[in-house]
Structure formats: C-alpha cells, structure tokens
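Enquirer: Quick one: structure below, then a few questions.
The values are calculated or read from the model by the stated rules, or taken from the named source; none is laboratory data. Model, not experiment: these values are computed from the prediction. Cβ sites come from the backbone with ideal geometry, for glycine too, and all protein chains shown count toward neighbours.
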Amino acid sequence: MKAILERRSIRKYTGEPVSDADLKDLLKAAMAAPSAGNGQPWEFIIVNDRQLLTEITKVHPYSAMLLQAPLAIIVCGKLDNERYKGYWAQDCSAATENILIAAQSKGLGTVWLGVYPVEERVNGIRKIFKIPENMIPLNVIAVGHPAEKKKPSDRYDENRIHFNHLLLLNENKKHIWVHVKITSVKIIKHYGIRKVKKYRLETIQIPYLKN
C-alpha cells in the first residue's frame, strides 16, 4: 500500500544504471498482472542504448527525461496472443502499473509515457524498433534512480465514489444528476437530499443542498 500511495511520476534521473536484478524484478511484477482469459498478450522491449533512448525523444514530445534516464521499457501488446479481442490495452496497462509500483518499492523512479492510441507516436516507435504489425506499442516507461523528490499526492476523493447508484454533481454545484431508477426513499444525507418521487430509468436533476 505504501508504494502505491507514494508513487509519483519522476522526470529527473541521476543516470546511475538500474541493476539487472532490479530490472528482472520489474519484469516479473509486470508478468504477474491479470489479463483477459489469462492471455498475457504483452511483450517488453528493454532499451538501455543511449542512441536509441535519444531516438525516442524525437518521436515522443514528452520524453525528454530519456536523455537522462538509463533505461526505458516499451510495453507492447501482441495481438496474436489476445484471448479476447480488444482487451490487450487493458492487459498491458495492468502490467505497466505493476512495473511502476514495483519500481517505487525499490526506490526507483518511473514515468508512464503514453504511445497508443496516438498514431504518430505508434508509427514512430514502431519504425525505430522495427515492431511488426501484429504488435502495438502501448507506452514507454522511463526507469532510473530519481534525481528529484516528490511528496505523496493525496488523490482520494469521496465524490468519485458511488454506492449502487451514480450521483454526479454538476459544475456549478447547484444540482446533482442522477442516472438511475429512483424510488421514494431517503438518499445519502451528504448530498442534502431529503426525499425524491418515483422515477423510471432516466436522467433527473435534484437540487444540491450543502450541509
């Protein structure tokens, strides 16, 4: 839990190499991720060649930290290994998050650089690393020893949590949009709602009364 809550995107690196043992652990963590039908449609390209790291910065506009980072991992989805079509991006995203958390637990820094679905980035990475058409680069992960320290960011927001029904507060905080079938019962007091009439499945607007 500590590694999850303290993980931050790191964009400054010391240049100190990542050990082979640590790299292997990151990849073991990646391959422990869940995948649809256990298809495991991932492939990982390890980039520690300085020239290739520099080439990535020419096709990805937000990858300047690769000029410092000693290592990058390109996470690719291999479509031939999909058990259920269309799920490769979710599977590879789960593997990516495992890499980020494992790196944090080892005192390493990372940043997730999105490639797919931006066509120019996909084509650029594909060309540099000669990636075949049956594989799609999802992202590039910069990995290294951090040269910056970031405090944990508390992003927990109870307004994003919905039990059984979806309640959405509109921007001016005057009404709540409810996208559910509602019956004549009391609803969560936090939203200041006392009672609502019966409605069928539709979108309704309820006044927001802040306590």
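Enquirer: Filter the range 129-163 down to residues that are more than 17 Å from the chain's Cα centre (by Cα) and assigned to a strand (DSSP E or B) and give me whichever is surrounded by the most Cβ atoms within 10 Å (Cβ to Cβ).
Expert: By that ranking, first place goes to GLY144.
Enquirer: In the set ASN38, ASN48, which member is closer than 13 Å to ILE141 by Cα and either in the same structural domain as GLU120 (by TED's automatic domain parsing) or touching a Lys or Arg at 6+ places or on another chain (Cβ under 6 Å) (or both)?
Expert: ASN48
Enquirer: What number of residues within the range 110-128 are under 15 Å from the mean Cα position of the chain (by Cα) and over 22 Å from GLY86 (Cα atoms)?
Expert: Count: 2.
Enquirer: Restricting the search to the range 63-76, which residues are farther than 18 Å from LYS127 by Cα and not aliphatic (A, V, I, L, M)?
Expert: GLN68, PRO70
Enquirer: Any idea which of GLU6, GLU43 is of a type in the set (D, E, K, R), touching a residue at least 24 places away in the same chain (Cβ under 8 Å) and within 28 Å of ARG83 (Cα to Cα)?
Expert: From the options GLU6, GLU43, the qualifying one is GLU43.
Enquirer: So, one more: Enumerate the helices (runs of 4 or more DSSP H) found wholly within the range 1-91, keeping only those where 1 or more residues are surrounded by 14 or more Cβ atoms within 10 Å (Cβ to Cβ), in contact with a strand residue (DSSP E or B) (Cβ under 8 Å, 6 or more places away or on another chain) and modelled with pLDDT of 95 or more.
Expert: In the range 1-91, 20-31, 50-59 are the helices (runs of 4 or more DSSP H) which contain 1 or more residues that are surrounded by 14 or more Cβ atoms within 10 Å (Cβ to Cβ), in contact with a strand residue (DSSP E or B) (Cβ under 8 Å, 6 or more places away or on another chain) and modelled with pLDDT of 95 or more.
Enquirer: Picking from GLN90, GLN104, GLN40, which residue would you name as being among the polar types (S, T, N, Q) and within 22 Å of PHE129 (Cβ to Cβ)?
Expert: GLN40
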